[in-house]
Amino acid sequence: MGLEGRWRDIDYLLTRQGNVVGPGFEPGPEIREFLQNDCRVLVVGAGGLGCELLKDLALSGFGNIDVIDMDTIDVSNLNRQFLFRMHDVGRSKAEIAAQRIMQRIPGVSVTAHHCMIQDKPLDFYQQFHVIVLGLDSLEARRYMNSVACSFLEYDEDGQPDLSTIKPMVDGGTEGFKGHARVLIPGVTPCFECTLWLFPPQTKFPLCTLAETPRSPAHCIEYAKIILWPKERSDDSFDADCEEHMKWVYEKALARAAEFGIQGMTYQLTQGVVKNIIPAIASTNAIVAAQCTLEALKMVTMCSTGLNNYMMYVGTDGVYTLTTPYERDEKCPICSAGVSYEVSPSTTLQQLIDGLVADPDLGKHLSAPSVSYGSTNLYMRGALEGQTRHNLEKPISELVDGEGSVIHVNDRKLVSAMKVRLKFNGTNGHMET
Amino acid sequence: MAVVADKSKRYDRGIRVWGAHGQEALEAARVCLLNAGPTGTETLKNLVLGGIHSFTVVDGAKVTPADLGNNFLLTADGLAASRAQVATECLKELNESVAGSYVEESPRSLMNSNPDFFRHFTLVIATQLSEAGAVTIDKICRQHGVRLLLLRSYGLLGYVRPSVPEQRIVESKPDSKVDDLRLSNPWPELEAYAASIDLAGAEDVLHSHIPYAVLLIKAAQQWRQEHDGQLPGSCAERTAFKDLLKSWQRHIDGIPLEEENFTEAVANAHKVWAPPTVSSELRAILEDSCAAHITQQSPSFWVLVAALKRFIEQEGQGQLPLEGSIPDMHASTQQYLELQRIYRAKADADAAAVEAHARNILEAAGRDPASLPTSEVKHFCKHARYLRLVRCRSLAEETEPASCRADSLRAALSSEETAANAALYVLLRAADRFHATYQRYPGSFDSEVEEDAALLKSQANALLAECGISGAGGSAAGGVSDDLVGEVCRCAAGELHVVAAVVGAIAAQEAIKLLTGQFVPVGGALVYNAMACTTSVFAF
């Protein structure tokens, strides 16, 4: 095909033994053949990171790539999402991105999925060797995390079963800063283990918005949160609709003028309403390339892997920090089972109430169902009637005893939370 | 008009980082790229997307199959065609407002035959040049006052080296800013405003909406009166100070009312006894000889630094001009806006004083005092606390044994944190010497990888010996480890796409910093270690 020697540079890495490599690295042409023909990688998100990831993976020898994104292309994407052109505005990101990669790089197959990540069954995610995340929301990250962790199984010694590990690589950026991290369920921390890494969003108190606005942002939030439902209750607000955004801006501008607040702009209005995180090409490219390199290392062991979080700050010179974060042994999503102490006489109802009220576990639960092995102990929905009678029974009658692992499911979770029961022995100690 | 609107939409996310004035600077930038390998094209890709004015690609090579395995900005159709031409076409597709051109000639030959060619650019991005080529382009760029970025991707090693004699930064945009509120030393207007608010007489709603800055000014004043003019110093005193604040809260039946402004005052009490200080970076700028000798040629930055220095010594009484903005605080709209007005007025007055100094300084230097716009002075004063200066050594200074900073190199090689990356820095230079000697990079042939490792290591040791760094025989104390020598040979100067993408993207960030004058560029050689996922910056 006239492309002999095309993979020369990557082949140095894959066919030569090295001194600084991952465990079990066996150099040879088979590795690139595996990458080209058999290895399956999924890119979640075809935006700023996603476009870069697709290009980087394809030029690192990955031959079979899937990409999933529900979004369509917007003008403001063009400053960084380099696979898209002005005439693509309005079309599917996943489809256009896949098309452009295949046009440019002969022999690479990219399959596009223009849908929500929640639309796909778990089997879909099961088929990939590695999943690379190019997302901008915590919510989507938590969803993908629960998907990856749902495949994880532990052996009887509490060690993760290596064949059930679905590794992920995650990247994120904001302005000149970014991060890349490696998530190996059961080995490195999952998102839930390190939720504190994601800063909370700022929310203004309602009384400030309504009574004592002091900044343009206060006026914008007032127009959107209070005035819109009041004056346009028939329309649902759509941040992507220019007329809606202009309306909010006009109202916010009027309110700012009424209170003598300066500095109101349309750009600021968009920023506040859409919670825009500034994104630029260069930072996305740094993070995506680092993520791709880690995916390559994970699959081939051609070099040492990132353990397990890299922070990049480009505002003051360049500062990077690589941190081996620790797993939360009590994580309800990726651990072998969170230890939970109950009295043997606690009823199932009391146990469920206790789980929902628990400060750590409760945040994942709203209306949980409980099962033990293949037995449904209490199920919401169709099986509710059949299992309701268990609610009054003491838990010791429902499970095999100390150390039993029950599965707690909830619509907030993709996969069951594993709870390892510990009986505290003193009958009747539990408060009711 | 439609074009303008489209631009503000297209570049919206970037403008949110560097502002409309930053975007304007980018849109004026004429960039020259040397070598259209992936390191170069990735750098340009990121800049073309951001909306630079134009670019010119200089490359004498033809597109080969190996190029198609690592470079996205070339096409299979372009095989055997000019690499400069094909890359230029692919880059132009990314943004129709950016003009692109190319010169089909090797950078080395162009540097030798027509060094003046480079004078027309704002920024030169020189990629994959050997050390000798880098020294040459650095000399040319410095001579013409053109900014330069030197880039290398070499196996799992990346290198980014800005070369600018002096980058003067007004908008350094630090991650954390301090609030300059003058709570313990209010100027007369602020003091009078605080005094005009009658805490005891205020009705409850008003009382719970007095901004915390006012509460702290009042508390500081009372504390001083009761403590011989001193501020709270010890831990116990600080607790007592907070108790004083709490004692002012309203109570109903002995239970304190929830007053958010008081909660904020207690949480911000440290601003009374720990006001912002002048950073060591700013102190060094104020003491720089460029500020002491304003000439016909002095850039306005230095004129303003000289004026700033006079302000601090005179009107400021040791303080910087007030920035003028205040953080949000729980308060009624009217009280907050009034407070904001008072701070802004003081900032304006300070800026006017700095401006007067600046005009005197210009006049004394025989320059037109009206040549400095008031807006520039205000902008400068607003950011004065965070001024930064970056001076890069010339590449010749860095690499010649007589002027290289051998002590810094020795220290970096023996510090656990930087040893590996300093060794990679040495090995990259050693690989260039290897190439100069043997006309190939180490590890080019599968059968010679091990022999080449030994030769590369001796090149590295020779380089260290020239700098007076001995004991470099591979021992732990400051040597270059065999593992890294082996890894450098293993990759045989391969330009891996991912490493090129990281280098090109770091370079694009640095380019944006150099072009906009915002944020702080790297002041030396940045080494990216893709094995360990680390970076180090060395100012050797």
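Miscellaneous remarks
- B:V124 long-range amide H proximity, modeled H, under 5 Å: B:C32, B:R147, B:L148, B:L149
- Cα gyration tensor shape for the protein assembly as shown, rounded if a/c is under 1.5, else prolate or oblate: oblate
- Take each residue of peptide A:205-212, count the partner chain Cβ atoms within 10 Å of its Cβ, and average: the result is 3.
- Under the combined filter of DSSP loop state and at most 15 neighbouring Cβ atoms within 10 Å, the stretch B:329-431 retains these trypsin sites (Lys or Arg not before Pro): B:R391.
- Per-residue ellipticity at 222 nm from helix content only, as computed over chain A with -39500 (n - 2.57) for each DSSP H run of at least four residues, stands at -9000 deg cm²/dmol.
- Chain B: angle of helix B:212-226 to the longest principal axis, Cα-based, in degrees nearest 10: 60
- The Cα atoms of the stretch A:226-292 give a gyration tensor whose axes a ≥ b ≥ c have a/c of 1.5 or more with a/b no greater than b/c, which makes the shape oblate.
- Partner lysines whose Cα lies under 16 Å from the Cα of A:K230, excluding those fewer than 8 positions away in the same chain, are identified as A:K251.
- Taking Cα centre as origin and charging only the Cβ of basic (Lys, Arg, +1) and acidic (Asp, Glu, -1) residues, the dipole magnitude of the protein assembly as shown rounds to 1920 debye.
- Between the stretch A:18-91 and the stretch B:484-501, the alpha-carbon centres lie 21 Å apart.
- Rg followed by Dmax, in Å, when chain A is reduced to its Cα trace: 25.3, 79
- Shielding value for A:272-285 is 6, the average number of Cβ atoms from other chains within 10 Å of each residue's Cβ.
- Protection proxy ranking, highest mean first, for peptides A:167-178, B:172-183, A:298-309: A:167-178, A:298-309, B:172-183, where packing is the per-residue count of other beta-carbon atoms within 10 Å, averaged.
- Dipole magnitude (debye, nearest 20) for chain A, charges at Cβ of Lys, Arg, Asp, Glu: 900
- Structural descriptor for the stretch B:188-273: relative contact order 34 percent, calculated from alpha carbon pairs under 8 angstrom and at least 6 residues apart.
- When the alpha carbon coordinates of the stretch B:188-273 are projected onto the principal axes, the ranges are 32, 31, 20 Å, largest first.
- A DSSP coil position with no more than 14 other Cβ atoms inside 10 Å describes the following GluC sites (Glu not before Pro) in the stretch B:25-131: B:E96.
- Taking amide hydrogens as placed 1.01 Å from N in the peptide plane, the amide H of A:V187 sits under 5 Å from that of no residue at least 5 positions away in sequence or on another chain.
- The dipole here belongs to chain B: it is taken about the Cα centre, uses +1 on the Cβ of Lys and Arg and -1 on the Cβ of Asp and Glu, and is about 960 debye.
- Computed on the Cα atoms alone, the convex hull of the stretch B:406-491 gives a volume of 76 cubic angstrom per residue.
- Taking the convex hull of the alpha carbon positions in chain B and averaging its projected area over all directions gives 32.6 nm².
- In plain terms, the residue of A:I276, A:I31, A:I286 with the fewest other Cβ atoms within 10 Å comes first and the most crowded comes last, giving A:I276, A:I31, A:I286.
- Under Karplus coefficients 6.51, -1.76 and 1.60, residue-wise ³J(HN,Hα) of the stretch A:81-89 in Hz, glycine/proline x: 8, 6, 7, 10, 10, 3, 6, 8, 3
- Debye-sum result for the stretch B:280-390 in log10 I(q)/I(0), which assumes one identical scatterer on each alpha carbon, at q = 0.13, 0.14, 0.16, 0.17 Å⁻¹: -0.50, -0.57, -0.71, -0.78
- Average beta carbon contacts from partner chains per residue of A:303-314, 10 Å cutoff: 4
- Legend: distances between Cα atoms for A:K224/B:K382; B:K177/B:K271; A:K246/B:K177; A:K177/A:K330; pairs beyond 22 Å are A:K224/B:K382; A:K246/B:K177; A:K177/A:K330.
None of the figures in this text is laboratory data; all of them are computed from the coordinates on show. Only a predicted model underlies this, so the values are computations on that prediction, with no experimental measurement involved. Note that each Cβ is placed from the backbone with ideal geometry, even for glycine, and that neighbours are counted across all protein chains shown.
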